[in-house]
Structure formats: structure tokens, C-alpha cells
Amino acid sequence: MGVAKFSMGDELGFGWNTMKSNFWFFVGFLILMGLVYWIPGAIASFFERSAPFLSGLFNLVAWVLYMIASMGLVKLALGYCDSKKGEFSYLFSSYRLFFKYFFGSLLYGLIVLGGLILFIIPGIIWAIMFQFFPYFVVDKGLGPIEALKKSAAITAGAKWTLFLFGILACLINLLGALCLMVGLFVTIPLTLVAYAAVYRKLLNQAKVTETA
């Protein structure tokens, strides 16, 4: 595979324009996602002393719903990259992929942790290399190992640019958090869609290379 390329300015610009055009939808989607996690979490806190088992059960429900909603965010961002209209139904639409996403997240976390233990730098490299596994799970329905392999394939030749892009995205979201947290309603959709656009760009380049 040749050197994978994408423009940070183009992808962030696409994220910005998409966020502006769908701002209030994103606000509603993020609030709904927060409620999906907060409500069972609040119930868990209520029963924490009187019924620990029930509290633990609601905490588990909150975590599962959050994982499913996270996949919904990925699907939403990919939909905008494919010129589709955002829908609230995306929030739970990928529930069938839960175990693939869960085990992929577990493997990803262990890989990055192992790399960080090995003098930090390998962990950063592997975090960048395998970061698009959720997109392959949600977009293609791949299993965790195959999704990690595909992520490694499309990021080959683009790790340095992806590293810089990740730092820039973190700074953008930090700025959003500093704006009394309200700014996150702008920065989260912006960076979310931008990352989905990067995934699409790298994936399309990989397909071109394979058929060349």
C-alpha cells in the first residue's frame, strides 16, 4: 500500500459545515445519549446503599446502553459522510454489534496499555494504528480482530498525520470544554464527523490501491 493521505483542513472543514447545518439535531442527539446513560446511573446511585445488587445491575445497564449509544454516534457520523440525514433511531440501531464492539474495545485497550508499559511510544503508535476499529465494526459489521487488522491496514503511511490530527481534535474539544462545557455541543459533532471523514478517505484510498 502506498502512503495514505488526507487533509486535516478539509476533514475538519467538512465536520464544521456538517455541525453547522445540523447543530440542533446534534444537541438533541447528545442530550438524549446523556440521558440514556444518566437515568440508569442515577437509579443505581439511589439504590447504592439500600440494594447494592440492584445498584450494580443498573450500573451495568447504564454501561451497556452507553456502549450501544457510542456505536450510534459512529453510525451517525458515517451517515453524514454518505450524505444521509441524521436520525435519532441511530442511537440504538447497532445493538446487534454490541459484543463485537465490546471485545474490540477490550482488545484495543489491552494493546494500547501494553504499548504504554513498553516505554509509552509503542502505545501511542498502536493507539493510532488501531483507532478505526469501531468504524469497521459499525460500518462493515466486522469482528474485533478483523476490524483491528483493517484499521492497521488503512492507517499505514498516515500515522504521523493522524497523530497531529488527534492532538488538534483534543485541543478543539478542550476549547469546547473550557467554554462552560456548552462548547462541546459544537466541538464533539465537529471532531466526530471529521474523524468519520478521515476513515472514509483512508478506506477509499486502500480500495483504490487494492484494485490498482
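The values are calculated or read from the model by the stated rules, or taken from the named source; none is laboratory data. Remember, predicted model here, so these are calculated numbers, not experimental data. Virtual Cβ from ideal backbone geometry, glycine too; neighbours counted across all protein chains shown.
Annotations
- Search result, residues across segment 132-172 that are over 21 Å from LEU192 (Cβ atoms) and either touching a Pro at 6+ places or on another chain (Cβ under 6 Å) or of a type in the set (Asp, Glu) (or both): GLU146
- Tabulated pairs, segment 57-73, first surrounded by fewer than 17 Cβ atoms within 10 Å (Cβ to Cβ), second part of a helix (DSSP H, G or I) and of a type in the set (Asp, Glu), C-beta under 7 angstrom, 6+ apart or interchain: none
- Residue within segment 71-78 that is part of a helix (DSSP H, G or I) and over 16 Å from VAL193 (Cβ atoms) present: no
- When segment 5-37 is limited to residues that are more than 14 Å from ALA197 (Cβ to Cβ) and aliphatic (A, V, I, L, M), the one that is modelled with the lowest pLDDT turns out to be VAL36.
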